Each structure stands twice: as C-alpha cells, then as structure tokens.
Amino acid sequence: KKKSVSLAEFQQMATAQLQNKGNSNANNNAKKKKNKKKNNNNKNKHNNNNQNNNNKKNNSNNTAKKSYEVNKPYEVKFKPNAMVEDIAKIVKEKLVSVEEFDQSMIYYMSNMIYAQRNPSTAMKHHDLIDKVNDIFVNFNLFETQFRGKEKPTYDTRKEEDTNIAKMIVKKCVEKNYIDEEVEIKSTTEVSALKTIINMGKEYEEAQEKRKEQSYFRPNVDYKEMEEARLSRSLRKKAVRERQLQEREYEDFLKARGLSRQKALMVRLHNVDHYVKGTRNIKIDNIDISIGNSTLLSGANLSLNYGHRYGMIGRNGVGKTTLLRNIFERELPGVPPYLQILHVEQEVQVSEKTCLEVVLESDVERTHLLKEEQRLLAGGSENIEQLQEVYDRMEIIDAHSAESRAAHILSGLSFTHEMMRQPTNSLSGGWRMKLALAQALFIEPDVLFLDEPTNHIDLHAVLWLEDFLRKWKKTLVIVSHARTFLNEIATDIIHFNNADLTYYKGNYAIFEQTLEKKMLEEERTAEAQQKKQKHLQSFVDRFRYKAATAKMAQSRLKMLQKMKMVNRTNLDTGPALRFEFPYVDKETAPYLQSHGLTFGYAKDKILFKDMNFSLDAESRIGLVGPNGAGKSTFLRLLTEDLKPLEGSITKNRKVRIAIFDQHHEKRLNMSQTPIEYLKSCYPHLTENSIREQLGRVGLTQHRQAIYTLSGGQKSRVSFAYLFLQSPHLILMDEPTNHLDMETIDALITAVNDYEGGVMVISHDEYFINLTCNEIWVISDGNMAPFSGDFTDYKRSLGAH
C-alpha cells in the first residue's frame, strides 16, 4: 500500500539510503583490496617455490655434471698403465680448462688413444680426432674456455675443437705412443678376411631414417604389425625382442674375438644355440631405382630358410643390384643376426697360400690352435685349460677343417701345388674361384652366388652342382645356365616388369608352369572377351525398349562389375636380331696345322704334334679340363702366340674374328658404345652403328661402357664382332653374362651363319644346339670325341 510521507520524512529516508550505499561500496572496496593482496602473496609464494625448484634442478644438473662417472652410461673406470699415464699428461697439457674434466674422463680419452696400438681396435687418425671432439662437445669444453669472453661462432668452435684434438694426436705420434697413419687391418687371425655383415651404427641409422619401419619383430613382418595396429606395449615388446636378439648375437661374436661393428667373413659355430629368431627374409613393397630407371616397384621379397632359389631375368633388370641391397642391408626388414655372403668380388691377395686363406675364415679354430701351442709350451700346469681347448676343438670339428677346405678347393679345380701357392700369384679367374671356395667353407645363413659358373670349367661345374644340391641353408643363384638351375634350384624367382614372381620347382618346371599359366590366361581372356561382347550386344539391342530396359540395365551392371584376368606380360626387352652378315665361301681349308707344338716353357708343353683343319662347315665344341690349353689354342689360331714347333696355314682371303672370354679388357670403358665402335670402324656412320647396337638389343647408346652390366658389355663385343663380317668365328665362353633370351638369339644366329665356328663353352644347352662335333684337349693332345656334349658330360661323371 502506498503511504503518504512528508517532505522532511522523504529527505531523511533518502539520506539514510545514500549512507548505506556508501558504506556498502567502502566494504566492497576493502574486500577487493584484501583479495588482491592475498592473490599477490600467493603469486609471490608460487614464484618462490618455482625458483627453489629451479635452483634444486640446477644444483642437481651441476652435481650430475661433476659426477658424470655415475650417471653417464658409457663411463668406464680404467686402471691405467704407464703409457696411458703418459698420454694422460699430454691430454692435460693441451686442455685449457682441465678442472672441468676429472681424472676418469682424462683416462677415458687416454685409453681410447692407447687403443690405436691394437690392430683390432685401431681406427684412422681422422676418426680418432672426431671421437675426441665428441667428448669435448659433450662436456662443454668451450663453454668453459670462453666464459667471460665473447662466445665464438660455430665455425670458430669447430676449428678450435679440431686443432686441440689434432695437437693431442700429433703429440702422441711424436712420442711413439701410437703409430703413424697406416692402413687399418684387423687382428692377425682375420687380416685376410673381408667384412660381410654390417650390424653397427650404419644399420641403426638406416633403421631410424625409416620411421615407419623402426620397430622390427623377426617373427612378424612390419606390414602385418601395421595392419593389426599393435598397441604401444606390444610395439615396445617387439623392440625389446629385437634388442635382445642383437645382444645375443653380439655376445656370440665377442666370445669368438669378433666385433659387432666389424663383423667379418668368418665361419661361425653353433650360432643357433646363441641366437633365436627366424631365418626367413620377408620384405614387402620394395622400390629400387637407379637414375630414371625403376628396377623394382612395390615388389615383395620372400626367402625361406633351406630353399635354393634360382633368380632369372633379362640383362640389366637389377638382379645383382637387389642382392647387393640385401647384402648391404639397405632394405629394412633383414634380420640383423643373419650372416649373409654375396660372392661377386675377388679375394684380397697376399703372401698367404690359398689353403691358409680358406682355413683362416674359421677364426675360432685359428685361435684355439694358437692357444693350444701356448698351453703346451707352459708345461703340465695347464692340463685343465688344455683339456677345455681340446673339448671345444672337438665340438667345432677343428681337426677335419683342413681336409674339408682342401676338398672344396680340389672340387673347384685347384691342384695340390696351387693350394700352396701365394694368392698374389693367381689370375682374376682363380681369385674368383678362391672367393667361392671361401664362401662354401664358411656356410653362411644366406649365400648369394652371381653367375658362379662363369669362371669354372665343366669339371668344376659338375662338382659344384653336386655340392650345392646338399646345401641346407638359404641359397640364391643368379644364373642363365639352364642345366645348372635344373640340377640345383628348388624355387625360381622371376625378375619381370619391376616385380618378383615365385615358382616352385627348377627351371624346366618353371618353363612348363609359365607356359601353362599364360595359356590358361589367354583362354580365360578369350572367354571373358566373348562374354563381354555378348553382354554388350544385348545391352545395345534392348536398353532403349521399355519392355526390356530393366534386363538391359542388369546386363550393363554385370558388364561393369566384370573383372578381366591379369595376363602375364613377359619383359623381353628390345627386339633381338643377332645376325652374322652374309659372306662368300672361300676355298677350304680356312685354317690348317701341321705338327703343332706349344708350351710357355720347353719343359711345360701344353700340346704336341697337333694336326687339324677348319672350314666353312666346321661346327666344333672344344672341351677339356682347366689348364689343358683351350684358350691358348684359340690364341694360336689368331696368331697372338707363336708355336714352338710346327706351323699354321691360313687362307689369306679369310677373315677370322674372336670373342674372347676376357673381352671386357678390349673395351674402352670411358667411351660410350657408339664412340667405341666409331673408333674401331671410322668409315661407318653413327646411324649404322646405332642400328647394329639395336640388333643386339643394346639401347644404352649414350651411356659410358663402365656403367653397363656384364651382359650389356657382351652385346657391345658381339656388335664389334658382327661388323667384321668374318668367315670363321672363334668364341671362348660366349654365354657368360648373357640372359636366356640373348642366348637363344645367339643360337639362332650361329645356326643361320654360313661360316665356320669353334666354341669353348661349358653350357650344355648352347653346345648341343650349335655344334655337331666335340673335340677334347687333354694330356697334350686334341682328338674328336665320339658322341655329343651330354655323352661327354656323362663320361666325366663316371670318372
């Protein structure tokens, strides 16, 4: 209800309200000031706590820095000898602020420098300087050195850093504490051996670069792990398993005097007891390119332990490159504990004999023999240790090692005298055989052989076939010898169209399977095309009629969903037209000898009183053991050598061409194929030379010869041979390095040729299809063989 008030009462009420509002504002302001003060106190308290924590953290860091011998994982307490003490004095003299380095760090660097005296731990001087630099950087030497001064730039720091490290190393060399810069060798037990497993920092760095495949689990490939989206804990478990297996393998190598960073070409004993994990190699989505050329795209590699694979494909597709990438562990997913050997280079030569080089691959045996001699010299006090050495030698079968090595060398045609010759007296072909013998003696987990039959004779090929048929581990052979692959391979890897396709069985079964597969694909494709044509006809006929439009639409959907068969397209490369130019027949005989006798010394006669003749109808395959004089005989025919007695009569109108086994030595490697042939035949135009190279299937006209594969270099030599228009052709191992399509083209060219042919070859397929006579050189004589090459091969097997 409204109440009537006087003016005096209203003024009194308004004054009271204003007073109350003022008191309220004052109270609120006081309260705000109080809260603000409280907030400032809390903030100051929080800042003080943070400062205390930072001080504690800095104190902790300083303590850790000063006591790095406790917290640093790589710090080791050393017991220095006298020379290490002397080296430590040099280090102290060269350092500016020694107080930042305590004594154990000085000894750490001194021991690292002292290790240069041991051949097994020595490193190049520039590597040693880098190691010392790393220590300087890790302990902030220059932060101390330039304290209170203007800090130098990075380049200046690096230069100063290098200078101090160089002065330390130089002073140690002057004092004869370490040797001058020399070629680093491994321990005396393994000095002739070469590195074949890269399991050190390079492998780890390569793995880190591929983050998507940084977690390796031997029994589960990365793709399966990614698809399954393993949990974080499971991925950690996979990493731990990998690290455990690597540590097991490292311990295994250390127990035998080897190092993980420098794993060697050595025979390893009882490795299965130390390292557990799959021996299979499975890598998905492989991409390999060289320049603008794609060798593999999205290919899957699968090598199962215990299988013997034959890898085939035309020249230049990348077979050797793939094996080299696996061997050098450039591809992620190769188990790090697998011992892999790739035989493609000669052994390093020295004064050691061939037998010693093979035996020294067994480092543990060599060490045990030396230990045995040391203990025997010590007398009866070492009987227990001597018994342990004998027990271990019994386990690794050390006593039979020499006989096994001699058996392998003998199988590869080494005589007893050659086994005891120094390796530096061997030719390139024999060094390759020695590298093969070393690999067979070692028996690695995975063995890659690249054209192993190129440098061995028929006797050695037959022995190698028998030896490899019993191989129990993983074997991959790159070869174009059909018979050799038929005898050995359990699986075929077809390198075709930048992909890898796998077939069960040997090469003959592969040919049958591929032919059947392509025939079935052709039939399926024809049936699909007929069905497609029928459906399309129905759609075209009825789709615009109301009564049948629904049926036509159904057929149209069926047509759209139809999946056509993926037909196998063989990568045959450029078209091959191996063709010898036509020549007129001349008067026979083209070549004739009377009482031919030759030897490199009068007391070492290769053949004596040899009579023969060659003409346009000759199709002769020349065979015989290594060292019998087959290649020498061809050089006599071309007058590169002169006989000791007798004579060789040649028709002057006849042109003779030779394809040498070592034809690559005749090529100018710095030139392109066009430049080389132009220098040999100046009267020819560039277009005619390019046309001739195209006939032999060589498209790399402008590429330097040294960059070509072995098969492509052979094509250049064949182009050179064809341009001579010869009446008589002499060929020494012409199928070496050639792929199977090229061999077939060469067989066709030889059979169409109007002139005479003499061939030295151990390729049964080639000889049987091109030669109608077999001549055998042995025991200083040459005589026709009654039968074909297969019969001759059987006669060798019987012996």
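The values are calculated or read from the model by the stated rules, or taken from the named source; none is laboratory data. It should be emphasised that the depicted structure is a prediction, and the values quoted were computed from it without experimental measurement. Glycine also receives a Cβ, built like all others from the backbone with ideal geometry; neighbour counts cover every protein chain displayed. In case anyone asks, the SASA skips ligands and DNA or RNA and just uses the protein heavy atoms, side chains included. Shrake-Rupley method; radii C 1.70, N 1.55, O 1.52, S 1.80 Å.
Data for the structure
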item: Candidates Ile674, Ile620, Ile648, Ile658 - the one that is within 36 Å of the chain's Cα centre (by Cα) and in a strand (DSSP E or B); result: Ile658
item: Any hit, segment 643-654, residues being open to solvent by 40 Å² or more (accessible area, probe 1.4 Å), in contact (Cβ under 8 Å) with a residue 12 or more places away in the chain and β-branched (Val, Ile, Thr); result: yes
item: Of residues in segment 389-438 being under 15 Å from Phe467 (Cα atoms) and part of a loop (DSSP other than H, G, I, E, B), the one modelled with the highest pLDDT; result: Leu412
item: Given (1) more than 29 Å from Ile283 (Cα to Cα); (2) in contact with a helix residue (DSSP H, G or I) (Cβ under 8 Å, 6 or more places away or on another chain), index of the condition Leu436 fails; result: (1)
item: Residues of segment 449-504 that turn out to be over 24 Å from Thr742 (Cβ atoms) and either without any contact (Cβ under 8 Å) to a residue 40 or more places away in the chain or charged (D, E, K, R) (or both), as a count; result: 6
item: Single residue of segment 350-361 satisfying the filter (of a type in the set (D, E, K, R) and in a loop (DSSP other than H, G, I, E, B)) that is surrounded by the most Cβ atoms within 10 Å (Cβ to Cβ); result: Glu360
item: Considering residues of segment 655-692 that are of a type in the set (Lys, Arg) and without any contact (Cβ under 8 Å) to a residue 60 or more places away in the chain only, the residue most open to solvent (accessible area, probe 1.4 Å); result: Lys665
item: Criterion (of a type outside the set (Ser, Thr, Tyr), open to solvent by 20 Å² or more (accessible area, probe 1.4 Å), under 25 Å from Gly298 (Cβ atoms) and out of contact with any Ser or Thr (no Cβ under 6 Å at 6 or more places or on another chain)) met by exactly one of Lys504, Lys473, Lys531; result: Lys504
item: Residue within segment 503-511 that is within 48 Å of the chain's Cα centre (by Cα) and modelled with pLDDT under 90 present; result: yes
item: Qualifying residues in segment 381-423 (those that are small (Gly, Ala, Ser) and free of Cβ contacts under 8 Å to residues at least 60 places away in the same chain) - the one surrounded by the fewest Cβ atoms within 10 Å (Cβ to Cβ); result: Ser403
item: Selection status of Asn781, among the polar types (S, T, N, Q) and within 18 Å of Asp732 (Cα to Cα); result: no
item: All helices (runs of 4 or more DSSP H) inside segment 693-799 with 3 or more residues being touching a residue at least 40 places away in the same chain (Cβ under 8 Å), of a type in the set (A, V, I, L, M) and more than 30 Å from Asn611 (Cα to Cα); result: 740-752
item: Number of the condition not met by Glu364 [criteria: (1) open to solvent by less than 90 Å² (accessible area, probe 1.4 Å); (2) over 16 Å from Gln438 (Cα atoms)]; result: (2)
item: Filter pass, Gln438 being in contact with a Gly (Cβ under 9 Å, 6 or more places away or on another chain) and surrounded by 13 or more Cβ atoms within 10 Å (Cβ to Cβ); result: no
item: Residue match in segment 602-609 (condition: surrounded by fewer than 20 Cβ atoms within 10 Å (Cβ to Cβ) and of a type in the set (Phe, Trp, Tyr)); result: no
item: Those residues of segment 632-642 which are surrounded by fewer than 17 Cβ atoms within 10 Å (Cβ to Cβ) and in contact (Cβ under 8 Å) with a residue 24 or more places away in the chain, in sequence order; result: Thr638, Leu641
item: Which numbered condition Glu579 misses (of (1) buried (at least 16 other Cβ atoms within 10 Å of the Cβ); (2) closer than 30 Å to Glu515 by Cβ); result: (1)
item: Answer from Ile488, Ile456 - the residue that is under 23 Å from Ile340 (Cβ atoms), β-branched (Val, Ile, Thr), over 20 Å from the mean Cα position of the chain (by Cα) and modelled with pLDDT under 90; result: Ile456
item: Residue within segment 311-325 that is over 30 Å from Ser425 (Cα atoms), polar (S, T, N, Q), in contact with a Leu (Cβ under 9 Å, 6 or more places away or on another chain) and crowded, with 21+ Cβ neighbours inside 10 Å present; result: yes
item: Residue, least open to solvent (accessible area, probe 1.4 Å), within segment 698-754, restricted to residues that are among the polar types (S, T, N, Q) and more than 30 Å from the chain's Cα centre (by Cα); result: Ser725
